[in-house]
Amino acid sequence: MRYVYRWVMATLFVMSAGLLAGASVSLAGSVAICHVPPGNPSNTHVIKVGPAAVKAHVKNHGDAVCAGEDRDCCLTDDGALCTNLADDAFNCGACGNSCGTDETCDDGACVCEAGLTACGDSCVDTTTDPGNCGGCNVICVNGICTDGACVGGIG
């Protein structure tokens, strides 16, 4: 009888291990979602769930399914938003931090697009801007800036 008991216990252990191994394999096919915890929306964050749980999370919590390189969450008036704070110009470095006109988000910081220079709060083309000709705050007298040089002198 003792032998049968050990055999049954060993069999149950092996079966349990197999079920657990199967569970970990199913997590490999998991889906990243931006999760809004019920009662604690300020703790919005990315979690991974099995494919079968996605529909319930979206329907019951307002969660959003993340795609590609999205690894951050922001809570908007429309619900959860998957994003990447390192390169999202509307959520650059932090949720709701939008970059200005002619700026892109690079590694979580708003920077001027290629070929433009930051002068104060604006991105300008110093090769043609008569108020920033060749550099910030260099003003051309007659308002003409060509190739970063004032035509007719500096004012």
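We did not get these values from a lab; they are worked out from the coordinates using the rules stated. These numbers come from a predicted model, not from an experiment. Every residue, glycine among them, receives a Cβ derived from its backbone with ideal geometry; neighbour counts consider all protein chains shown.
Looking at Asp63, is it under 13 Å from the mean Cα position of the chain (by Cα) and surrounded by 14 or more Cβ atoms within 10 Å (Cβ to Cβ)? Spell out how you get there, then give the answer.
Working: under 13 Å from the mean Cα position of the chain (by Cα): no; surrounded by 14 or more Cβ atoms within 10 Å (Cβ to Cβ): yes.
Against the criterion (under 13 Å from the mean Cα position of the chain (by Cα) and surrounded by 14 or more Cβ atoms within 10 Å (Cβ to Cβ)), Asp63 does not qualify.
Restricting segment 70-120 to residues that are of a type in the set (Asp, Glu) and assigned to a loop (DSSP other than H, G, I, E, B), which is surrounded by the most Cβ atoms within 10 Å (Cβ to Cβ)? If you could, list the steps in order and put the result at the bottom.
Taking segment 70-120 and keeping what is of a type in the set (Asp, Glu), we get 70, 72, 77-78, 87-88, 102-103, 106-107, 113.
Imposing the further condition that a residue be assigned to a loop (DSSP other than H, G, I, E, B) reduces the set to 70, 77-78, 87-88, 102, 107, 113.
On the way: Asp70: 18, Asp77: 4, Asp78: 8, Asp87: 14, Asp88: 21, Asp102: 14, Asp107: 10, Glu113: 12.
Looking at the filtered set, the residue picked out is Asp88.
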